[in-house]
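**Q** My questions all concern the structure below.
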Amino acid sequence: MAKYSTEPNYEHGSEPTVGVLVVNLGTPDAPTTPAVRRYLAQFLSDPRLIELPRWLWLPILHLVILRVRPSRSAKAYREIWQDDGSPLLTISQRLTERMAEALNERTDLNINVELGMTYGNPSIASALDKLHAKNPTRLIVLPLYPQYSATTTGSVMDQLGDWLKATRRIPDLSVITQYHDNPHYVTAVANRIRSHWQTQGRGERLLFSFHGIPRRYLDSGDPYHCHCYKTARLIAEDLGLSRDEWFLSFQSRVGREEWLRPYTDELLEEWGSQGVGDIDVACPGFSIDCLETLEEIALQNSENFSNAGGGKLRYVACLNDGNDHTELLVNLVLDRLGQTVQPEAQELAQSRRLALEVGADR
């Protein structure tokens, strides 16, 4: 039998709340080898990411990868680490705070918003515990992954399910699994690119670089590849680009098996060898700037492109905690809430009185 929490979180007549869980991937606690090793151990142990038999993969992970990779990754994290911490975490926290303020200004509901990370801190479970302590009657889960993949949103669902198994009073639940073709999302990214062009000038080509996944995941039915292409096409249409003015690639591959193609690093080196001049690179699949955008694209691939003979690679920042992004996410939540009406205080008091009269403890 499930071991439910014995701590009651409900009292008759108390004001119902709405919980909003915002989820991002995660980050190490510090740009050090031990911290990165702890983070990678959790990250790379997820069977959603590495679909290999555990008896085969875990010895490779612990005896090989976690002895070599953490020091290299820690060095990369130090390249982007800021005074207040990891950009992924600090920007996600500011975004969550802005969402909470906007949601409570635009409704008469008591809405609590918490940030959880699939890997690292704050965990999804700890964020759900905070929301659950506020007596939520509705829970909306919003992973910051516009394009659905089992490797991202699927992992969020696994951890949500684990938490629900140990929860006695489960609120009404809604999960926003993807928003890759939402018009507000498309316009927000297109506006970010327009703003970039206004300040940096427009390059010869625009490249959309998405995080890659193994090709066999696509062959097994993961819709991520199709979502990425639809996102890129819709943004290009919003920008008024013809098909020969924009390109799409996939980055961050690891291991020897085939991943989604074309590969960002190989494509950029090819362009450089062809003498392509200045280019712009946007990463619409990343909601918040992180290691993969700030170090891999803006530093590492920028240098490789120039060294191969190309011009300057100008990276287009993610939506981060900007107004367009906040508005987009707030609207996604409000759409799920619909026209919910908050009970009046008098109604709540009467509900509590009647419940106590018939023997309720709280």
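**Q** Answer yes or no as to whether Gln147 is open to solvent by less than 40 Å² (accessible area, probe 1.4 Å), assigned to a loop (DSSP other than H, G, I, E, B) and closer than 19 Å to His325 by Cβ.
**A** yes
**Q** Still on this structure, I have one more. For residues that are basic (Lys, Arg), assigned to a helix (DSSP H, G or I) and either modelled with pLDDT under 50 or within 18 Å of Glu105 (Cβ to Cβ) (or both), tally how many sit in the range 315-362.
**A** So the answer is 2.
**Q** What number goes with the only condition from (1) open to solvent by 50 Å² or more (accessible area, probe 1.4 Å); (2) without any contact (Cβ under 8 Å) to a residue 60 or more places away in the chain; (3) among the hydrophobic types (A, V, I, L, M, F, W, C) that Leu299 does not pass?
**A** Failing condition for Leu299: (2).
**Q** Going by the structure shown, is Asp162 out of contact with any Lys or Arg (no Cβ under 6 Å at 6 or more places or on another chain), under 29 Å from Leu49 (Cα atoms) and among the acidic types (Asp, Glu)?
**A** yes
Every residue, every condition in (1) modelled with pLDDT under 95; (2) closer than 30 Å to Pro183 by Cβ; (3) touching a Pro at 6+ places or on another chain (Cβ under 8 Å), yes or no:
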position	(1), (2), (3)
Ser71	no, no, no
Arg78	no, no, yes
Glu97	no, yes, no
Val141	no, yes, no
Pro146	no, yes, yes
Thr153	no, yes, yes
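**Q** May I ask you to list pairs of residues, at least six apart or on different chains, whose Cβ atoms are under 9 Å apart, with the first in the range 327-338 being open to solvent by 30 Å² or more (accessible area, probe 1.4 Å) and the second being of a type in the set (A, V, I, L, M, F, W, C)?
**A** Glu327/Ala102; Glu327/Ala188; Leu334/Leu103; Asp335/Ile176; Arg336/Ile140; Arg336/Leu142; Arg336/Ile176
**Q** From the list Ser71, Ser45, pick out the single residue that is closer than 16 Å to Glu295 by Cα and among the polar types (S, T, N, Q).
**A** Just a single option satisfies the conditions, and that option is Ser71.
**Q** Would you check if Ile140 is under 28 Å from Lys230 (Cα atoms) and part of a strand (DSSP E or B)?
**A** Considered against the rule, which asks whether it is under 28 Å from Lys230 (Cα atoms) and part of a strand (DSSP E or B), Ile140 comes out as yes.
**Q** Which residue pairs have Cβ atoms closer than 7 Å, lie 6 or more positions apart in sequence or on different chains, and pair a first residue in the range 15-30 that is at negative phi and open to solvent by less than 10 Å² (accessible area, probe 1.4 Å) with a second residue that is of a type in the set (Asp, Glu) and assigned to a loop (DSSP other than H, G, I, E, B)?
**A** none
**Q** Cβ-Cβ below 9 Å, separation at least six or inter-chain, first residue in the range 226-243 and within 15 Å of His211 (Cα to Cα), second of a type in the set (Ser, Thr, Tyr) and open to solvent by less than 30 Å² (accessible area, probe 1.4 Å): which pairs?
**A** His227/Ser149; Thr231/Tyr185
**Q** A follow-up question, please. With respect to Glu51, determine if the residue is acidic (Asp, Glu) and more than 24 Å from Thr293 (Cβ to Cβ).
**A** Spelling it out, Glu51 is indeed acidic (Asp, Glu) and more than 24 Å from Thr293 (Cβ to Cβ).
**Q** So how many residues does the range 150-160 have that are among the hydroxyl-bearing types (Ser, Thr, Tyr) and open to solvent by 10 Å² or more (accessible area, probe 1.4 Å)?
**A** Within the range 150-160, residues that are among the hydroxyl-bearing types (Ser, Thr, Tyr) and open to solvent by 10 Å² or more (accessible area, probe 1.4 Å) number 2.
**Q** Looking at the range 50-105, which of the residues that are in contact (Cβ under 8 Å) with a residue 60 or more places away in the chain, open to solvent by 80 Å² or more (accessible area, probe 1.4 Å) and not acidic (Asp, Glu) is farthest from Asp29 (Cα to Cα)?
**A** Only one residue tops the list, namely Arg98.
**Q** Based on what the data block shows, is Ser287 at pLDDT 95 or above and either over 19 Å from the mean Cα position of the chain (by Cα) or over 23 Å from Ser195 (Cβ atoms) (or both)?
**A** Here the answer is no, as Ser287 does not meet what is asked.
**Q** Quick test of your reading of the structure: Ile140 fulfils all but one of (1) farther than 30 Å from Arg216 by Cα; (2) open to solvent by 10 Å² or more (accessible area, probe 1.4 Å); (3) in contact with a Ser or Thr (Cβ under 9 Å, 6 or more places away or on another chain). Name the failing condition by number.
**A** (2)
**Q** Scan the range 150-171 residue by residue and report those that are in contact with a helix residue (DSSP H, G or I) (Cβ under 8 Å, 6 or more places away or on another chain) and either of a type in the set (Asp, Glu) or in a helix (DSSP H, G or I) (or both).
**A** Residues satisfying the conditions are Val156, Gln159, Leu160, Asp162, Trp163.
**Q** Hey, can you tell me all the residues within the range 46-92 that are of a type in the set (Asp, Glu) and closer than 30 Å to Asp321 by Cβ?
**A** Asp46, Glu79, Asp83, Asp84
The values are calculated or read from the model by the stated rules, or taken from the named source; none is laboratory data. Keep in mind that what you see is a predicted model, and the values were worked out from it rather than measured. All Cβ positions, even for glycine, are placed from backbone atoms using ideal geometry, and neighbour counts span all protein chains on display. Protein only, heavy atoms only, side chains kept; ligands, DNA and RNA dropped before computing areas. Shrake-Rupley method; radii C 1.70, N 1.55, O 1.52, S 1.80 Å.
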